[in-house]
1. Report, as a whole number in µm² per second, the diffusion coefficient that Stokes-Einstein gives for segment B:153-217 at 10 °C and 1.306 mPa s using the Kirkwood radius over alpha carbon pairs.
2. Taking every pair of Cα atoms in segment A:205-282, average 1/r, invert it to obtain the Kirkwood radius, and report Rg/Rh to two decimals.
3. Rounded to the nearest 5, what % of DSSP beta bridges with both residues in the protein assembly as shown are antiparallel?
4. Which is farthest toward the positive dipole end of the protein assembly as shown among A:Ala63, B:His87, A:Thr98, measuring Cα position about the Cα centre, with Cβ charges +1 (Lys, Arg) and -1 (Asp, Glu)?
5. Two decimals, Cα atoms only, Kirkwood Rh: what is Rg/Rh over chain A?
6. Apply the Karplus parameterisation 6.51 cos²θ - 1.76 cosθ + 1.60, with θ equal to phi minus 60°, to every residue of segment B:215-232 and state each ³J(HN,Hα) to the nearest whole Hz, in sequence, with x for glycine and proline.
7. Pick out the long, greasy-scoring helices in chain A: whole DSSP H runs spanning 18 Å or more along their own axis by Cα, mean Kyte-Doolittle at least 1.0.
8. How far, in whole Å, is the nearest Cβ of chain A from the axis relating it by rotation to chain B, and which residue carries it?
2 protein chains.
Amino acid sequence: MSLIIAGTMAFDAIETPFGKTDKIIGGSATYAAWSASHFTNSIQQISIIGGDFPTEEIDALKAKGVAFDGVEIVQDEKSFFWSGKYHMDMNTRDTLITDLNVLAKFNPQVPNSYQGSEFLMLGNLMPSLQKQIITQLTTRPKLIIMDTMNFWMDIAMDDLLETIKLVDVIMVNDGEARQLSGEYSLVKAAQKIMSMGPKYVIIKKGEHGALLFHGSQIFSAPALPLEDVYDPTGAGDTFAGGFIGHLAKTNDISFENMKSAIIIGSAMASFVVEKFGTERLKEINDKEIQDRLNQFVKLVNFNI
Amino acid sequence: MSLIIAGTMAFDAIETPFGKTDKIIGGSATYAAWSASHFTNSIQQISIIGGDFPTEEIDALKAKGVAFDGVEIVQDEKSFFWSGKYHMDMNTRDTLITDLNVLAKFNPQVPNSYQGSEFLMLGNLMPSLQKQIITQLTTRPKLIIMDTMNFWMDIAMDDLLETIKLVDVIMVNDGEARQLSGEYSLVKAAQKIMSMGPKYVIIKKGEHGALLFHGSQIFSAPALPLEDVYDPTGAGDTFAGGFIGHLAKTNDISFENMKSAIIIGSAMASFVVEKFGTERLKEINDKEIQDRLNQFVKLVNFNI
């Protein structure tokens, strides 16, 4: 099934306790597309880049089945650039530089060639732009998933609430779930967020795994305990890409299949943090993914 | 099989965002015994109490199969008293009062009637006292488990390391695992702690569940997502009691059975936080425990 992925394609410069990168390729839609490309070769990208975005990266994504009809290229301007430094716990980071560049004028347009797509993944973006994409679709996709972040809760809560109403699945981290709902208990937070529109709430807890809520059902997915996390950048986007990539591949949006999709997203996230940037996502093969999934099965398996 | 439980029996006064208690019964060995009593009726308690400790509480524990030969009663003194206030996140708390009272002169003696016991649970206590109990045993138990806390790492690290050498299983929370090992990664922390002596390391992560490490094997147990946590006091001791209670009941210390024991400990901990103090542990029945265990199975079950 076809899958639209919208979000940023950008450059990042990252510093972690394990090292430092110059400008490398990043962006929510880049990570999500690389991750999803392991499960489906019918991905339709919506983003905006500058003339500085490497042709080789575009070609590499196209070779994996990612369409670029919806990616605007502004030749004489620069791509979005973010630079950040992670603390020892890898859960907190300082933003050093945010150069919006082309992102400041992003006015996403859904190409005709993307109409009729069955799945839509809205990566982290200004909520009004996420909404603009949804309303341009002539046929409602089978499933709309949105990611968002605390930044939009701080500066664009009304727009965010408008957009949340329109989606089927929302992904946030635990702090964001609490901020959005005003509830400390994640169970109550998820219930309140479901009352805002989405039928499914996914709460990402980093090294503690993720929770999926639907009505009164809850699924708890572990994270793989890792010896080292080299670079957590893009872990959430990679998780999202694996999640929706599996749903698009199987064309099954049952709660049972969403549980499998969360494990697959978690496995993909466990790869991406092993090296800087998208490097691991580009090199892993099906056998490595299957082995990692088997590790997840072993990790939580018990008999009562 | 017989199970020795050593630790404090005390009074607590607790304040949480949900309410406040006067002095109620608490202590690591009290919670552990109530929890374990749902799985075995051959518990041998080692503790010290004052004349103020209620006879009804002692009788209630005796009725559940808890022996008091190893509990010293100092008639003209007071029991250990702790008072604390939890913050909104329920993971951090301020200690308001610590009155050691009888605990200051605790010199645990293993009664002859306890010799030959197959299981030993050392609840949180001064490490030198935990060691004193181990060295008094004429036959080494099949399994020795110890709980400890950051306080002892701060003031009695040498004694703690001496005691750790002698045990099979150590239980700590994630912050304590990091402090004890000097490693941020919990995988590396557990490996380092295993090199100190214990063959098994259990890392408790509160609302995020628990991890069991043994050699290169890892088991990840979820916590049950709860709408409200009324009082987290004793959750770790209750977890420990359920864990070793199940092992003593089944007389099976395989890694596979320890995984089941961790789920059972987690289920017991999910009950105890629903009300203040040990109240829930006293009222729950086998059917409620079985239903809760089924919830854990459902919570993590997935197909890949």
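What follows is calculated from the coordinates using simple rules that are stated; it is not laboratory data. If you're wondering where the values come from, they're calculated on a predicted model, not measured in any experiment. Glycine also receives a Cβ, built like all others from the backbone with ideal geometry; neighbour counts cover every protein chain displayed.
1. In µm²/s, the coefficient is 136.
2. Working: Rg = 12.6 Å, Rh = 12.8 Å.
Looking at segment A:205-282, the ratio lands at 0.99.
3. Antiparallel bridges make up about 40 percent of those DSSP assigns within the protein assembly as shown.
4. Of the candidates, A:Ala63 comes out farthest on the positive side.
5. So for chain A, dividing Rg by the Kirkwood Rh gives 0.93.
6. Along segment B:215-232, the couplings run x, 9, 8, 9, 10, 10, 9, x, 9, 6, x, 10, 5, 9, 10, 7, 7, x Hz.
7. Membrane-span-like by this rule: A:255-272.
8. For the rotation taking chain A to chain B, the closest Cβ gives A:His208, 2.
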